[in-house]
1. I'd like the full set of residues that are touching a residue at least 24 places away in the same chain (Cβ under 8 Å) and either part of a helix (DSSP H, G or I) or within 13 Å of residue 129 (Cα to Cα) (or both), limited to the stretch 150-171.
2. Return a yes/no flag: does the stretch 327-337 have any residue that is within 16 Å of ligand 2 (Cβ to nearest atom), hydroxyl-bearing (Ser, Thr, Tyr), surrounded by 14 or more Cβ atoms within 10 Å (Cβ to Cβ) and touching a residue at least 60 places away in the same chain (Cβ under 8 Å).
3. For the stretch 83-92, check the following and say yes or no: at least one residue is closer than 17 Å to residue 292 by Cα, within 16 Å of ligand 1 (Cβ to nearest atom), under 17 Å from the mean Cα position of the chain (by Cα) and touching a residue at least 12 places away in the same chain (Cβ under 8 Å).
4. Which condition from (1) free of Cβ contacts under 8 Å to residues at least 60 places away in the same chain; (2) touching a Phe, Trp or Tyr at 6+ places or on another chain (Cβ under 8 Å); (3) surrounded by fewer than 24 Cβ atoms within 10 Å (Cβ to Cβ) is the one that residue 1 breaks?
5. Are any residues in the stretch 212-224 within 11 Å of ligand 1 (Cβ to nearest atom) and in contact (Cβ under 8 Å) with a residue 24 or more places away in the chain, and if so, which ones?
6. Of all strands (runs of 3 or more DSSP E) completely enclosed by the stretch 230-342, which ones contain at least 2 residues that are within 16 Å of ligand 1 (Cβ to nearest atom) and touching a Leu at 6+ places or on another chain (Cβ under 8 Å)?
7. Return yes when residue 401 is in contact with a strand residue (DSSP E or B) (Cβ under 7 Å, 6 or more places away or on another chain) and of a type in the set (Val, Ile, Thr) and no when it is not.
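FYI, it's all coordinate maths here, none of it is from the lab. Owing to the predicted nature of the structure, the values given are computational and were not obtained by experimental measurement. Note: ideal-geometry Cβ built from the backbone for every residue, glycine included; neighbour counts use all protein chains shown.
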Amino acid sequence: MKVLVIGSGGREHALCWAIAASPLCTKLYCAPGNAGIAKEAECVPVEADDVEGIVRLARERAVDFVVVGPEKPLVLGLVDRLEEAGIKAFGPSAAAAALEGSKGFMKDLCARHGVPTAAYGRFADRDSARAFVAAHGVPIVIKADGLAAGKGVVIAHTLDEAHAAIDDAMVARAFGDAGSELVIEEFLTGEEASFFALVDGAHALPLVSCQDHKAVGEGDTGPNTGGMGAYSPPPVMTPALEARVMREIVEPVVRGMAAEGRPFKGVLFAGLMIVAGPSGPEPKLIEFNARFGDPECQVLMMRMMSDVLPALVAARDGQLANFQLRWYDETALCVVMASKGYPGTYAKGTEIQGVDDAAAVPDVTVFHAGTTRSADGRLLAAGGRVLGVTAIAPTVREAQTLAYEAVDRIVWPDGFCRRDIGWRALAR
Ligand code: AMP
Ligand code: GLY
């Protein structure tokens, strides 16, 4: 099977790494890819959100199966266009990707199907948004409805902050059209975790749970990023809680989407808050994503014992009902190395050395995110998040030790990482 992976981040490197190991894969392409992906796949310089360019590429190379990594091409309808062209593709249609692409749609769907989420309102004008904030008080969470590259959520601790967030989105149009509608919701307290399931339109196959580290600074301080590290499994997600997430969140949404004429296929990524309920911890849904997480995918692929490719194809083909996947029980832990300054401004083109030494640490894989090669073959940083140093070991502590042993072999004066990935598990 000729496979094409879409995207250029650490998530896509992990997908390419896993798919390249499948005996079913005879040729692997990635568009546009990065310097690490180039070791697993033939990289082709077509941007991930160039829908027509990707369809043309898939046709030209007689690709049998396309795996879409990022959300933007999904929301733009890449899977619809590929399927219309007779090319099988893994990922939701644009109609189903609305679960990620419109927070208001997602909240209304959850309300219709009884899925536990924060209480909320949807607003298309500033005055009614302000009135809702005045009625509910602070802290309160203000979200741009559409895709805002991870920047569309403000947790307001004062009324002034809430008003500023509303004005930013609706008056200054900081997120363009994505912010012309807002979701304003109850602030939830608890521990965050994420849960993943493969979905074939009608059935959901549970994958595993993860915990991401969104803040740039140690102890979860400072501005939010795309994710500075992740590990799996997180102790907060007990098997009982995972079963509840399937029963109360994933399955009702899969049924609801099918019943409403938008059957969901692909990966359903549930961002959760584990809140204290009257009789113990309870999962509440914070958000859905319609794709694998980055860096969550890196730890998922390290833990997956089974061949990933047949599972992705079964999700596309509506054949997940009796599908089984096997996992390593060990902990996988990914430390993201980013360019100094990220998530603000940072220099591009700084040189990175020692990646092969790092990858030589046993049970470590170095996934590339924003990397490129200079004409003379040197490895250069080309983005905010640059590497995902990922280890697998029997315990969180051992996985953390191994990952940082590898990190310390990387020579990159212009990069940084958090030194505390996995801390919540270790603090228990
Ligand atoms: P989202 O893009 O919806 O995942 O939001 C980004 C981050 O904002 C989440 O990972 C949470 O840390 C935080 N957040 C979002 N919604 C809420 C909420 N209702 N209560 C508390 N924190 C939230
Ligand atoms: N790491 C969070 C995300 O992929 O959305």
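1. Correct list: 159, 162, 163, 166, 167, 169, 170, 171.
2. No, the conditions are met nowhere in the stretch 327-337.
3. Our first condition is that a residue be closer than 17 Å to residue 292 by Cα; within the stretch 83-92, this holds for 89-92.
In the following step, the residues that additionally are within 16 Å of ligand 1 (Cβ to nearest atom) were identified as none.
No, there is no match, as no residue in the stretch 83-92 is closer than 17 Å to residue 292 by Cα, within 16 Å of ligand 1 (Cβ to nearest atom), under 17 Å from the mean Cα position of the chain (by Cα) and touching a residue at least 12 places away in the same chain (Cβ under 8 Å).
4. Single failed check for residue 1: (1).
5. Across the stretch 212-224, the qualifying residues are 212, 213, 224.
6. Passing ranges, in order: 265-277, 280-289.
7. On the way: in contact with a strand residue (DSSP E or B) (Cβ under 7 Å, 6 or more places away or on another chain): no; of a type in the set (Val, Ile, Thr): yes.
For residue 401, the condition - in contact with a strand residue (DSSP E or B) (Cβ under 7 Å, 6 or more places away or on another chain) and of a type in the set (Val, Ile, Thr) - is not met.
Yes/no per residue for (1) of a type in the set (D, E, K, R); (2) touching a strand residue (DSSP E or B) at 6+ places or on another chain (Cβ under 7 Å); (3) surrounded by fewer than 19 Cβ atoms within 10 Å (Cβ to Cβ):
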| site | (1), (2), (3) |
| --- | --- |
| 52 | yes, no, yes |
| 64 | yes, yes, yes |
| 79 | no, yes, no |
| 83 | yes, yes, yes |
| 90 | no, yes, no |
| 97 | no, no, no |
| 103 | yes, yes, no |
